[in-house]
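J.: The structure under discussion is supplied below as structure tokens; questions concerning it will follow.
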Amino acid sequence: MEEDYVFKIVVIGDSAVGKTQLLGRFTRDEFFLDSKSTIGIEFQTRTVDIARRRVKAQIWDTAGQERYRAVTSAYYRGALGAMLVYDVTRRHTFEHAARWVDELRAHADKSIVVMLIGNKADLAAGRAVAADEAAAFAEEQGLFFSEASALSGENVERAFLRLLEEIHANVS
Ligand code: GDP
């Protein structure tokens with residue numbers, strides 16, 4: 001067999017926070033300034049080594065469903081991990097994170113591993129959410145937390161690998 005595990009991961013969060021770009025950065029090391037050429041593509045994969053095992057990350061994009069509040073329970077089915085993304089320059093996208101956590105609690109498996117991502121950390125001048133505040137929220141909710149930038153690539157690899165390691169620790 002090619003891989004030892006396949007881990008389904010869902011990427012969630014408000015519209016335009018950078019979900020598609022984070023996924024593209026991790027799976028293909030790409031970033032497109034003009035996004036949304038990916039509507040219709042359901043997931044992308046990348047295989048990595050975690051603790052000497054071949055782990056295929058199967059990462060699902062909402063493909064814009066969140067705009068219509070139509071992210072369905074099928075999207076969450078079988079997911080072992082979630083990247084909950086907000087935009088550090090748009091405060092309401094962080095304030096909505098609590099709603100996304102509720103959505104996960106309602107539709108996803110109880111043991112799902114969740115990483116809160118403050119994306120667009122490259123836009124330092126426009127920052128509207130302090131890292132400390134997000135870290136405190138994450139701790140209170142039992143989420144892992146990292147800021148990242150899909151544009152520069154900073155912390156993207158590290159955050160996805162951390163999520164995969166935590167999932168691996170749970171299943172092995
Ligand atoms: P989605 O709707 O959450 O999937 O968001 P997209 O991935 O389509 O990104 C929305 C917009 O934010 C696009 O114009 C991207 O180019 C931009 N964007 C995404 N990630 C970053 C980032 O890390 N830094 C900056 N400066 N812009 C970003």
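Since every read-out is calculated from the coordinates, none of them should be taken as a lab result. This is a predicted model, so every value here is computed, not measured. Positions of Cβ are backbone-derived with ideal geometry, glycine not excepted, and every protein chain shown enters the neighbour counts.
J.: Dipole magnitude of the range 1-151 about its Cα centre, charges +1 at Lys/Arg Cβ and -1 at Asp/Glu Cβ only, in debye to the nearest 20?
T.: With only Lys, Arg, Asp and Glu charged at Cβ, the dipole is about 300 debye.
J.: Which loop-located trypsin sites (Lys or Arg not before Pro) does the range 63-172 contain, where loop means any DSSP state but H, G, I, E or B and the Cβ has at most 14 other Cβ atoms within 10 Å?
T.: Here the trypsin sites (Lys or Arg not before Pro) that fit, given the DSSP loop and packing criteria, are 69, 77, 110.
J.: On alpha-carbon atoms, Rg over Rh for the range 62-104 using Kirkwood Rh?
T.: Using Cα coordinates only, the ratio equals 0.96.
J.: A further question follows. Given the DSSP H assignment, sum -39500 (n - 2.57) over each helix run of at least 4 residues in the chain and divide by its residue total; what's the result at 222 nm in deg cm²/dmol, nearest 500?
T.: -9500 deg cm²/dmol
J.: Using only the alpha-carbon atoms, how far is helix 131-141 inclined from the longest principal axis of the chain? Give it as 0 to 90 degrees, nearest 10.
T.: 50 degrees
J.: How big is the chain in terms of Cα radius of gyration and Dmax, in angstroms?
T.: Rg and Dmax of the chain, Cα atoms, are 14.9, 48 Å.
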